[in-house]
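> Sharing a structure below in structure tokens format, with a few things to ask.
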Amino acid sequence: SVADGRSPLVNYIGQYTSLLPYAVAPILGLFHYTIAAFTGAMTCLTLAGFLCVHRVLRRVTRDPRTALALYVPFVAVSVYPIAIFGDQRLSEAADYAIFPLRYLGPCVLAWLCARHLDGAAPGRRFWLFALGGLVALNNVEFGLPALGATFVALLLAAPPDRLLRRTVGLARDIVLGVLAAGAVVCVLTLLRAGALPNFGYVTYYARTFGIAGIGDLPMPPLGFHLVIYMTFVGALLTAVVRARRAASGATLTGMLGFSAIFGLGASAYYANRSHPDVLTALFSAWGFSVSLLAWVAVRALADDARRAVELGHRVRGAVPALAALACLGLTSSTIAGFPPPWTQLARIRSNAGTEADVREGAVQFVATHTRPGEHVLLLLGLGHDVARRAGVVNVMPFNHPDSIFFAQQLRLAIHLLRADHGVRIFAVTSVPLPNPPTTTQDYDVLGRATVALIRQAGYVPVMTDPVSKLTEWLPRGSTATG
């Protein structure tokens, strides 16, 4: 969308990310915005997020072998497949909406927070909160919990006798940091689009899914989600107890608090739509907490064994420690699911089981019926890429027609078309609904109501391309030609 002239938070509403496209688009431009370049960029950013977690564990344990032993289960549970089709493995780590778009910012923030607590750069808390503000603006679902987690981590790492003073100072820094992040975004959009950002777009989809109930599913009373939630609660209680006792290792205490608050906040993602596939999106946050708790458990059991304290105390202390190690056993068991490298080489070569959201002939049809640089509304998957290649600008404010759930969203798109003095709409209006429908919700506005809504806006069909199945619409009585 950025390559096609759209500006997130101004005239484009990002479903999963609002700021990352500004940073990635120039890099993709060096490789002509190919799908391979996009895949490579997302893979590198995902790897960067994983490496940030490794660096956190390295600072917490002070031992590279121990850090690796705790890191491998984290990676294994993060890439745990939710479906396997031959050589194809579908996991949340391969879903760009999860990694890197949601997780990258929190992972980087956790790494920098651990560095700060360990006495390394960044030395000022302001810079952490400024970055945290950008992370929250990029993706509010995981970014806002990460910002709150940073606050709690810095608070718990402080000496208990300076708690009030520390709280006041942190509150000041978080306000200044978030304001600074907002100011940076304002400057960015002013320079690029000549307009201030609409910060309401940050929560647009959260409100769409949460308040309107799109895709909501009830949470079962019992299930594995309780294990995940209790792990986060255990991490928070452990961090609080360590802070009260002024235990050695402020970095460990802070990271326990970070993982707990981030995990509990991100769990709202599952609370809203309690589907098993959504629960797996929390596995990375859970695995991070498990690795930290396991390290606390190992240290506690070793200390008890050395001190040889009374049996009752040892048993009471062993119960939570054994629970943490049991969770580590669960995450470690997923290591067996790592695919052999040769199967993945075969997958890449075969390319079997993949789906390409590419409509043949769309670029040629759009280019033939438009003028270079013309603003159009293209209701099509990969529509912004089609528009860029056709030499026009797609004013579509959403990433995909499947992200249009309500009539007012389509009316907003048409309003933006008219505001940019565009007249043409290109849409695939003959796509049938799945039978049976995938959910009880009415997702397919384009399949059921696009024709009626476009006609209500005063448009009439002009021509349908037999190859791409795109239909060109013009205002009633228009004489515009390509």
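> All but one of (1) charged (D, E, K, R); (2) open to solvent by less than 60 Å² (accessible area, probe 1.4 Å); (3) closer than 30 Å to residue 358 by Cβ hold for residue 59, so report the exception by its number.
The single condition residue 59 does not satisfy is (3).
> Which count do you get for residues in segment 194-219 that are in a loop (DSSP other than H, G, I, E, B), more than 17 Å from residue 138 (Cα to Cα) and not hydrophobic (A, V, I, L, M, F, W, C)?
Qualifying residue count, segment 194-219: 5.
> Sticking with this structure for a sec: Which of the following residues is small (Gly, Ala, Ser), open to solvent by 20 Å² or more (accessible area, probe 1.4 Å) and touching an Asp or Glu at 6+ places or on another chain (Cβ under 9 Å): 247, 268, 281?
268
> Looking at segment 43-53 only, could you name the residues that are of a type outside the set (Phe, Trp, Tyr) and out of contact with any Leu (no Cβ under 8 Å at 6 or more places or on another chain)?
43, 44, 47, 51, 52, 53, listed by residue number.
> Out of 237, 264, I need the residue that is closer than 20 Å to residue 226 by Cβ and under 22 Å from the mean Cα position of the chain (by Cα). Which one?
264
> Checking the conditions here, which among 169, 133 is surrounded by 17 or more Cβ atoms within 10 Å (Cβ to Cβ) and in contact with a helix residue (DSSP H, G or I) (Cβ under 9 Å, 6 or more places away or on another chain)?
Answer to the selection: 133.
> Moving on to the next point. Pick out the one residue from 18, 91 that is open to solvent by less than 70 Å² (accessible area, probe 1.4 Å), under 19 Å from residue 336 (Cβ atoms) and in contact with a strand residue (DSSP E or B) (Cβ under 6 Å, 6 or more places away or on another chain).
91
> In addition: Does segment 67-75 contain at least one residue that is open to solvent by 40 Å² or more (accessible area, probe 1.4 Å), without any contact (Cβ under 8 Å) to a residue 40 or more places away in the chain and farther than 21 Å from residue 396 by Cβ?
yes
> Looking at this structure, is residue 227 open to solvent by 50 Å² or more (accessible area, probe 1.4 Å) and within 22 Å of residue 155 (Cα to Cα)?
no
> On to the next question. Here's a check for you: in segment 172-187, which residue that is open to solvent by 20 Å² or more (accessible area, probe 1.4 Å) and among the small types (Gly, Ala, Ser) is nearest to residue 199 (Cα to Cα)?
If we take residues in segment 172-187 being open to solvent by 20 Å² or more (accessible area, probe 1.4 Å) and among the small types (Gly, Ala, Ser), then 183 is nearest to residue 199 (Cα to Cα).
> Considering only segment 172-185, I want to know if a residue exists there that is farther than 27 Å from residue 49 by Cβ and either in contact with a helix residue (DSSP H, G or I) (Cβ under 9 Å, 6 or more places away or on another chain) or of a type in the set (D, E, K, R) (or both).
Scanning segment 172-185 turns up at least one residue that is farther than 27 Å from residue 49 by Cβ and either in contact with a helix residue (DSSP H, G or I) (Cβ under 9 Å, 6 or more places away or on another chain) or of a type in the set (D, E, K, R) (or both).
> Something else about it: Please list, ordered by first then second residue, the pairs with beta carbon atoms under 7 Å, 6 or more apart or interchain, first in segment 32-46 and open to solvent by 60 Å² or more (accessible area, probe 1.4 Å), second of a type outside the set (D, E, K, R) and part of a helix (DSSP H, G or I).
Taking only residues 6 or more apart or on different chains, the pairs are 38/28.
> State yes or no: is residue 96 within 17 Å of the chain's Cα centre (by Cα) and not acidic (Asp, Glu)?
yes
> Something else about it: Restricting segment 224-261 to residues that are free of Cβ contacts under 8 Å to residues at least 24 places away in the same chain and not hydroxyl-bearing (Ser, Thr, Tyr), which is farthest from residue 162 (Cα to Cα)?
The extreme case among them is 226.
> Continuing with the same structure: For segment 94-114, what are the residues that are in contact with a helix residue (DSSP H, G or I) (Cβ under 7 Å, 6 or more places away or on another chain) and open to solvent by 30 Å² or more (accessible area, probe 1.4 Å)?
96, 108, 111, 112 - these are the residues of segment 94-114 that are in contact with a helix residue (DSSP H, G or I) (Cβ under 7 Å, 6 or more places away or on another chain) and open to solvent by 30 Å² or more (accessible area, probe 1.4 Å).
> Hand me the list of helices (runs of 4 or more DSSP H) wholly inside segment 224-272 holding 2 or more residues that are closer than 21 Å to residue 139 by Cα.
250-266, 268-272
The values are calculated or read from the model by the stated rules, or taken from the named source; none is laboratory data. Predicted model only: the values in this text are computed from it and were never measured. Because the Cβ atoms are built from the backbone with ideal geometry, glycine has one as well, and the counts that use them run over all protein chains shown. Heads up: the accessible areas ignore ligands, DNA and RNA and are worked out on the full protein's heavy atoms, side chains in. Shrake-Rupley method; radii C 1.70, N 1.55, O 1.52, S 1.80 Å.
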